[in-house]
Structure formats: structure tokens, C-alpha cells
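To start, the structure under review is shown below, and the notes come after it.
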Amino acid sequence: MEPPARGDTGGGTSEAGARKRRTGRDQPARPGKLNRKSITSLLLFRTPAWEPGVVPQHCPRYGFSLTSKNDNARRPAAMSLFNTVRNTIVPVHKEGYPFVAAFFVASLVLGWIFKPLFWIGMIFTIWCAYFFRDPERVTPQDDDLVISPADGKVSAIQMVTPPAELDLGSEPMLRISVFMNVFNCHVNRAPMRGRIVSINYRSGSFVNAELDKASEDNERNGLVIETRHGQIGVVQIAGLVARRILCWANPNEPLDAGERFGLIRFGSRLDVFLPAGAAPRVSLGQTAIAGETVIAEFASAKGPVISRRS
């Protein structure tokens with residue numbers, strides 16, 4: 001049998017040419033039809049017409065697209081859902097990790113004893129993570145503004161003598177108190193920009209922090225901060241179930257308004273003592289947000305804010 005003529009790529013009557021015609025090798029791919037070679041090229045995201053490293057979105061040679069219109073429509077929706085979930089989930093402060101882990105382990109043990117107890121334990125685990133949440137806040141940077149140091153309800157606005165350990169004198173000062181229940185965020189933030197002059201801890205009892213006598217009888221930790229308008233006092237007060245006051249700030253350190261400086265576990269209160277010249281900007285019963293709500297203002301001719309319940 002004579003070999004095929006030079007340039008013969010499968011034509012003629014040769015056995016090799018017939019085999020090529022039967023297998024379809026070396027024949028140009030028709031639009032809309034895939035063969036083994038084109039599938040291999042697609043899996044490798046590379047064909048002779050494509051540059052290495054470039055993933056095409058449309059394949060006119062094969063008559064179809066790698067991404068459909070439905071895929072393009074679903075992708076923005078999926079990303080939007082992902083961003084929503086990511087923005088909804090609030091990070092947990094590192095001080096809460098041991099407590100969340102302890103609640104979770106207790107749930108597993110209780111579930112091993114009696115299965116329904118596992119779900120009850122998980123509810124408390126979720127609550128514990130929620131309690132120790134530490135969201136980002138947007139704080140106004142104005143030295144004339146006093147920002148709420150805690151999340152919670154404004155429980156007192158009055159002129160009182162500051163605690164003796166703060167060494168702020170014996171003259172009455174404006175005190176604004178924010179009570180935190182067990183569902184509020186308990187991370188504490190600096191109400192004004194300044195330098196910490198002193199930190200004073202005093203042991204005491206654990207009565208309901210919403211009561212007025214809690215400022216004098218309860219365990220507390222007080223910070224004195226030197227600001228543009230003089231020295232102010234910030235007092236962390238333990239509550240009925242709170243047994244630990246945390247303060248990671250140190251004397252002589254600078255603080256920015258809204259900067260985190262401490263945390264109180266499980267229900268408590270914060271008192272802010274302000275010198276003359278400060279006018280309240282909140283009302284009794286108002287909900288305050290740490291690091292965002294303006295509770296008082298200096299150097300303003302306006303009087304106290306008048307609020308309306310609705």
C-alpha cells in the first residue's frame with residue numbers, strides 16, 4: 001500500500017486517512033459541538049485562540065458562554081446577602097471568649113445528660129456572645145461634646161458631690177448616669193478626649209445599680225481625665241449580678257473620645273461627673289449609645305434639651 005501523498009492530512013483512500021475521518025481528529029470544530037480536545041481545552045481554560053492566564057467569559061468558537069445570564073443575576077444577590085450577614089454579625093470582645101466557651105461546653109454536657117437541655121444551653125450561649133459584643137461606633141471628635149460612655153438608659157441627671165476618691169473637690173458637679181441592663185453592650189468608652197490623671201478602685205456592695213445609692217455603696221472604679229474644659233470623672237459601678245469591673249487603661253495615658261477603656265460584666269452603671277459649663281443634652285429615660293450619643297456640651301449658650309415622649 002502506498003503512503004499518502006505529502007500534505008495529505010486525512011484525505012485520499014489511505015487507511016490512516018480513513019481512521020482520521022472516522023475519529024474526527026484534525027477536523028475543525030463546528031460551532032455548537034464539543035469534542036474531546038475542545039473539552040480538555042475548556043477544563044484547562046486555554047485554547048489556541050486564548051492567551052495563557054486569561055479566563056474568557058464568552059467562547060464564540062464553541063457557540064456558548066461560560067457564564068449565563070442567570071449566573072450574572074445571582075452573583076450580585078449572593079454578594080449582597082453575604083455583606084448583609086457580615087454587617088449584622090457583631091464581633092465578640094476577647095474578654096468574653098472564656099465565658100462563651102464555658103457556656104457552650106456546659107450545653108454539650110447537659111445535652112449528653114438530657115437532649116432538650118442542650119438547646120436551652122445554646123440559648124444561654126448565644127445570649128453570652130450577645131452580651132460581650134463589641135460593635136464599631138462612629139464618635140464625634142469635638143472637644144466641646146461629652147459622649148455617652150455606655151449603652152443603656154439615662155437614669156439620673158443631677159448636681160451631686162463627686163466621690164471622695166476622685167479628689168474632684170467638695171462642690172457639686174453635674175452627674176449623668178447611664179444604667180446598663182444584661183442586654184446592653186457593656187464595653188465602656190471615654191466620654192471626652194484627654195489624659196488619665198488617676199484611676200481609683202473602691203470595694204463595696206452589689207445592690208441594684210439603677211438605685212441612686214449604688215453610686216456610694218457599690219463596688220466601683222473611677223477615672224479622672226484631664227480635658228480641655230478641666231477634669232472630669234468617669235465611674236464604673238458594679239450592679240446586682242456584676243462581680244467584675246475591668247479597666248485596661250493606665251494613669252498618664254491619653255484617651256480619645258469614644259476609645260474603649262473598660263468593661264463591666266452582667267449589669268452595671270456608669271456615672272460621668274462634669275465641671276461647671278456643661279449643659280445636659282439628654283433626658284431621663286433616654287436610650288444612650290456608647291461612643292455616639294452626645295450627653296452634654298460645653299461652651300454653649302443653649303440650656304438643657306427639652307424632650308417629648310411619644
Fill in: Count - residues of the range 177-195 that are open to solvent by 30 Å² or more (accessible area, probe 1.4 Å) and in a strand (DSSP E or B)
2
Fill in: Hits in the range 143-171 (condition: in contact with a Pro (Cβ under 8 Å, 6 or more places away or on another chain) and outside any strand (DSSP E or B))
SER148, PRO149, THR161, LEU168, GLY169
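GLY277 - would you say it is at positive phi, open to solvent by 20 Å² or more (accessible area, probe 1.4 Å), at pLDDT 90 or above and over 29 Å from the mean Cα position of the chain (by Cα)?
So GLY277 fits the description; yes.
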Practice prompt. Determine which member of the set GLY169, GLY222, GLY230, GLY152 is over 15 Å from ALA257 (Cβ atoms), touching a helix residue (DSSP H, G or I) at 6+ places or on another chain (Cβ under 7 Å) and either open to solvent by less than 40 Å² (accessible area, probe 1.4 Å) or without any contact (Cβ under 8 Å) to a residue 40 or more places away in the chain (or both).
Written response: GLY222
Worksheet item: Condition test on PHE261, is it farther than 14 Å from SER177 by Cβ, touching an Asp or Glu at 6+ places or on another chain (Cβ under 7 Å) and buried (at least 18 other Cβ atoms within 10 Å of the Cβ)?
Response: no
Item to complete: List every residue pair whose Cβ atoms lie under 8 Å apart, where the two residues are 6 or more positions apart in sequence or sit on different chains, the first residue falls within the range 178-198 and is free of Cβ contacts under 8 Å to residues at least 40 places away in the same chain, and the second residue, located anywhere, is open to solvent by less than 30 Å² (accessible area, probe 1.4 Å).
Response: ASN184/ALA150; ASN184/ASP151; ASN184/GLY152
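Which one is nearest to ASN221 (Cα to Cα) among residues in the range 248-270 that are aromatic (Phe, Trp, Tyr) and in contact (Cβ under 8 Å) with a residue 60 or more places away in the chain? Don't jump to the end; show me each part of the working.
Step one: of the range 248-270, the residues aromatic (Phe, Trp, Tyr) are 248, 261, 266.
Now narrow it down to the ones that are in contact (Cβ under 8 Å) with a residue 60 or more places away in the chain: 261, 266.
Values: PHE261: 12, PHE266: 16 Å.
By that ranking, first place goes to PHE261.
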Discussion item. Based on this model, can you work out whether LEU211 counts as among the aliphatic types (A, V, I, L, M), surrounded by fewer than 23 Cβ atoms within 10 Å (Cβ to Cβ) and closer than 15 Å to ALA156 by Cβ?
Written reply: yes
Worksheet item: Can you tell which of SER198, SER268 is at pLDDT 90 or above and either crowded, with 22+ Cβ neighbours inside 10 Å or farther than 22 Å from VAL138 by Cα (or both)?
Response: SER198
Worksheet item: Just one of the numbered conditions (1) touching a residue at least 60 places away in the same chain (Cβ under 8 Å); (2) assigned to a strand (DSSP E or B); (3) under 32 Å from the mean Cα position of the chain (by Cα) is not true of LEU174; which one?
Response: (3)
Discussion item. I'd like the residue in the range 88-104 that is open to solvent by 80 Å² or more (accessible area, probe 1.4 Å) and over 22 Å from GLY152 (Cα atoms) and, out of all such residues, is modelled with the lowest pLDDT.
Written reply: TYR97
Worksheet item: What is the residue count in the range 114-147 for residues that are open to solvent by 90 Å² or more (accessible area, probe 1.4 Å), aliphatic (A, V, I, L, M), within 20 Å of ALA101 (Cα to Cα) and modelled with pLDDT of 85 or more?
Response: 1
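The values are calculated or read from the model by the stated rules, or taken from the named source; none is laboratory data. Keep in mind it's a predicted model, so treat the numbers as computed, not measured. No Cβ is skipped: glycine too gets one built from the backbone with ideal geometry, and neighbour counts run over all protein chains shown. Ligands, DNA and RNA are stripped out before the accessible areas are found, and what is left, the full protein with its side chains, is counted by its heavy atoms. Shrake-Rupley method; radii C 1.70, N 1.55, O 1.52, S 1.80 Å.
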